[in-house]
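Each remark here refers to the structure printed beneath this line.
Values in this text are rule-based calculations from the coordinates and carry no lab data. Just so you know, these numbers come straight off a predicted model, no measurement behind them. Cβ placement follows ideal geometry from the backbone for every residue including glycine, while neighbour counts extend to all protein chains displayed.
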Amino acid sequence: MASHLIAHEPPDLLKLLAHELRWKLVQQLAHSDLRVQELAERVARPLNLVSYHLAQLRRGALVIERRSSSDARDVYYSLDLRRLQRLYHDAGVALHPALIEYKERRKKGQAAVAPAQRSPLRVLFLCTHNSARSQMAEAMLRQLAGEAVEVYSAGSEIREVHPLAIETMAERGIDIRSQRSKSVEEFAGQRFDYIITVCDRMREVCPVFPGEPEQVHWSIPDPAAVEAAMQRQAFLDVAEQLAARLDFFVKAFAADSRADETQS
């Protein structure tokens, strides 16, 4: 290979992730959006040190920060999974093109293929009003994973399903006109594998469910809370955020299922 084609410096992504603490922070944020205090507790490191390395990850555009809609003094940190995926791919190509298998991006609305499980994964999405974010997430996951999941949504202060949520999902080929807003109390005592809060306020009042389900938080702004002229775009943006997160969510539990089958 000609020497002028060789990259002599490792990609910035690899430099960022080579640090043990930054790697641990990324691992935590790959699972759930978290506040800096929670990150410090989970990695057992001082708050100022965690803040410093979060700043490094933000400068690398791997981590995004957003003010909590529940308490503006709090900031949630989330991992930009799409960007990380792209940079990871490019890092492999920089080392050797054969290390990365090129794949076409899944067409919008095409169902993901998840391996058969002995019993469906039970997932509950929660947001305050169960009118937009959680309704959209429920419908999108049902389409992506099919019979591999039993998926529901609920809220603490229910309202009607937002018309723009119905319209936005229709544009993605998903009909949610028959879905209804449900109180979280309807699911009291039920067992779930995952409880996913998509609203900062709902995370603060999320009830306890039996069986120690996996608790995940996605800090997504309420598209219905913006001024009317900007709501349509806000709903489109939320749909894109949910599509990215759910794509990775389905791939993760599909990989876990394949690993379980291999071990059994």
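Of Phe253, Phe125, the sequence from fewest to most neighbouring Cβ atoms within 10 angstrom is Phe253, Phe125. In the chain, helical runs assigned H by DSSP with n ≥ 4 each contribute -39500 (n - 2.57); averaged across all residues and rounded to the nearest 500, the mean residue ellipticity at 222 nm is -14000 deg cm²/dmol.
Think of the chain as having a plus end and a minus end, set by charges on the Cβ of Lys, Arg, Asp and Glu; of His217, Thr168, Ser69, Thr168 sits farthest toward the positive end of this dipole.
For the chain, please report how many Lys pairs fall under 19 Å Cα to Cα, leaving out neighbours fewer than 8 apart on the same chain. Value for the chain: 4.
Counting only cysteine Cβ atoms and a cutoff under 4.7 Å, the chain contains unmatched residues Cys206. Taking 0.36 nm per residue of separation and subtracting the Cα-Cα distance, full extension of the segment from Glu212 to Gln190 would add 6.8 nm. Between the helical axis of 47-59 and the longest alpha-carbon principal axis of the chain there is an angle of about 80 degrees. Using a simple spin-label model with pseudo-atoms 7 Å out from Cα toward Cβ, Asp71 and Glu227 lie 3.0 nm apart. Taking the C-alpha atoms only, the angle from helix 133-145 to the longest principal axis of the chain is near 70 degrees.
Relative contact order of the range 9-99, taken over Cα pairs closer than 8 Å and 6 or more residues apart, is 30 percent. Rounded to the nearest 10 degrees, the inclination of helix 20-31 to the longest alpha-carbon principal axis of the chain is 30 degrees. The charge dipole of the range 9-99, taken about its Cα centre with unit charges on the Cβ atoms of Lys, Arg (+1), Asp and Glu (-1) only, comes to about 100 debye. Here the label points at Ala61 and Ala44, each 7 Å from Cα along the C-beta direction, are separated by 3.6 nm in the simple model.
In this simple spin-label approximation, Glu147 and Leu236 carry label points 7 Å from Cα along the Cα→Cβ vector, and these lie 3.7 nm apart. Against the set (i) 28; (ii) 22; (iii) 18, the structure's computed percent of Cα pairs over 32 Å apart falls on (i).
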